[in-house]
Amino acid sequence: MVEVLDFIKRRFPEEDMWLTGNCYYFAKILEARFPGGIIYYDLVNGHFLYSYYGMLFDWAGVQELTDDMVEWDTYQK
């Protein structure tokens with residue numbers, strides 16, 4: 001978890017719409033850097049996050065998995 005948070009702080013110090021418009025791309029960046037996780041989509045907030053070893057991340061850090069979130073690969077089908 002610390003490795004992912006350090007990566008976010010070091011590489012993306014400015015918000016740059018990672019929470020409001022570019023969240024999908026941010027999840028894809030995390031997926032490329034830390035492979036083996038799952039991209040989730042928050043149906044209520046229209047927001048993408050990346051799950052890695054049971055922890056859910058976006059630009060703001062660690063988030064809570066809710067019932068309103070679905071695995072993106074599953075949702076697309």
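The values are calculated or read from the model by the stated rules, or taken from the named source; none is laboratory data. Owing to the predicted nature of the structure, the values given are computational and were not obtained by experimental measurement. Backbone-built Cβ (ideal geometry, glycine too); neighbour counts: all protein chains shown.
The table that follows gives values for the structure above.
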quantity: Those helices (runs of 4 or more DSSP H) lying entirely in the chain with at least 1 residues at pLDDT 95 or above and β-branched (Val, Ile, Thr); calculated: 2-11, 23-33
quantity: First in region 6-28 and on the phi < 0 side of the Ramachandran plot, second anywhere and assigned to a helix (DSSP H, G or I) and not acidic (Asp, Glu), Cβ under 6 Å, 6 or more apart; calculated: Trp18/Phe26
quantity: Qualifying positions in region 19-33 - among the aromatic types (Phe, Trp, Tyr) and in contact with a strand residue (DSSP E or B) (Cβ under 6 Å, 6 or more places away or on another chain); calculated: Tyr24
quantity: Selected residue (criterion: farthest from Trp18 (Cα to Cα)) from residues of region 38-77 that are among the small types (Gly, Ala, Ser) and surrounded by fewer than 17 Cβ atoms within 10 Å (Cβ to Cβ); calculated: Gly54
